[in-house]
Amino acid sequence: MDDLPALHVLIEASVRGLQAGDYTQAQIDAALGTVLGVDTQLVADGTYFIAESAAGELLGSGGWSYRRTLFGSDGAQPREDTVLNPTTEAAKIRAIFVHPSQARRGVGSAILEHCENAARAAGFTRVEMGSTLTGVPLYTLKGYVAQKTVAVPLPNGESVAVVHMTKTL
């Protein structure tokens, strides 16, 4: 929880620096803090991780969840925090953000692999996520399959495309 202020800074830098090619400024402004941002439930559950430099700078963050909510920050609605059954349901890969200076250097891949391994260790055999358009190429490369794209409404009347993706571990 002590890292929350730094996580907010990292996430905003990531979204503004890496997603501008896929979303408009109005979409980004409205998505930050709702669709995109920190979910403190993941932090409280111990399933949200930080990658940092030797000097303690945040390079990236991301997590997984054994709860039903597919994506969204603390400000997103509705939330479905019921616990999943690992034998019949998929764990959720959540909120992976990388600082723009670290893009395409393996940080996101390392966080994703760590999350998948943790979900597997918890008994899950499948994972799913709600990916931004920006993340789809990486997740496809890592074995995820796009199922459908949904338009998620934003508070300013805009909507943002989120791609539901799945993978068998």
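Anything in region 28-48 that is surrounded by 21 or more Cβ atoms within 10 Å (Cβ to Cβ) and closer than 14 Å to residue 161 by Cβ? List them, or say none.
Scanning region 28-48 gives 30, 31, 35, 36.
Suppose we filter 2, 22 for residues that are assigned to a loop (DSSP other than H, G, I, E, B), open to solvent by 40 Å² or more (accessible area, probe 1.4 Å) and touching a strand residue (DSSP E or B) at 6+ places or on another chain (Cβ under 9 Å); which single one remains?
On inspection, the qualifying residue turns out to be 22.
Just checking, does region 59-73 include any residue being surrounded by fewer than 16 Cβ atoms within 10 Å (Cβ to Cβ) and outside any helix (DSSP H, G or I)?
Checked region 59-73: at least one residue is surrounded by fewer than 16 Cβ atoms within 10 Å (Cβ to Cβ) and outside any helix (DSSP H, G or I).
When region 102-111 is examined, which residues are found to be open to solvent by 50 Å² or more (accessible area, probe 1.4 Å) and touching a residue at least 40 places away in the same chain (Cβ under 8 Å)?
Once the filter is applied, which keeps residues that are open to solvent by 50 Å² or more (accessible area, probe 1.4 Å) and touching a residue at least 40 places away in the same chain (Cβ under 8 Å), region 102-111 yields only 110.
If you take the residues in region 86-101 that are open to solvent by 40 Å² or more (accessible area, probe 1.4 Å) and not charged (D, E, K, R), which one is nearest to the chain's Cα centre (by Cα)?
Once the filter is applied, the top-ranked residue is 99.
Give the number of residues within region 46-58 that are at pLDDT 95 or above, small (Gly, Ala, Ser) and assigned to a loop (DSSP other than H, G, I, E, B).
Going through region 46-58 one residue at a time, the tally reaches 4.
Give me the residue from region 126-169 that is among the hydroxyl-bearing types (Ser, Thr, Tyr) and open to solvent by less than 80 Å² (accessible area, probe 1.4 Å) and, out of that set, farthest from the chain's Cα centre (by Cα).
Here the answer is 159.
List pairs: first in region 112-137 and closer than 18 Å to residue 36 by Cα, second open to solvent by 30 Å² or more (accessible area, probe 1.4 Å) and polar (S, T, N, Q), Cβ under 6 Å, 6+ apart or cross-chain?
Qualifying pairs under 6 Å: 128/166.
Residues that are out of contact with any strand residue (DSSP E or B) (no Cβ under 8 Å at 6 or more places or on another chain): which strands (runs of 3 or more DSSP E) entirely in region 82-162 hold 1 or more of them?
Of the strands (runs of 3 or more DSSP E) lying wholly inside region 82-162, none has at least 1 residues that are out of contact with any strand residue (DSSP E or B) (no Cβ under 8 Å at 6 or more places or on another chain).
The values are calculated or read from the model by the stated rules, or taken from the named source; none is laboratory data. Nothing here was measured: the structure is a model prediction, and the numbers come from that model. Reconstructed Cβ throughout: ideal geometry from the backbone, glycine too, with neighbour counts over all protein chains shown. What goes into the accessible areas is simple: the full protein's heavy atoms, side chains included, and nothing from ligands, DNA or RNA. Shrake-Rupley method; radii C 1.70, N 1.55, O 1.52, S 1.80 Å.
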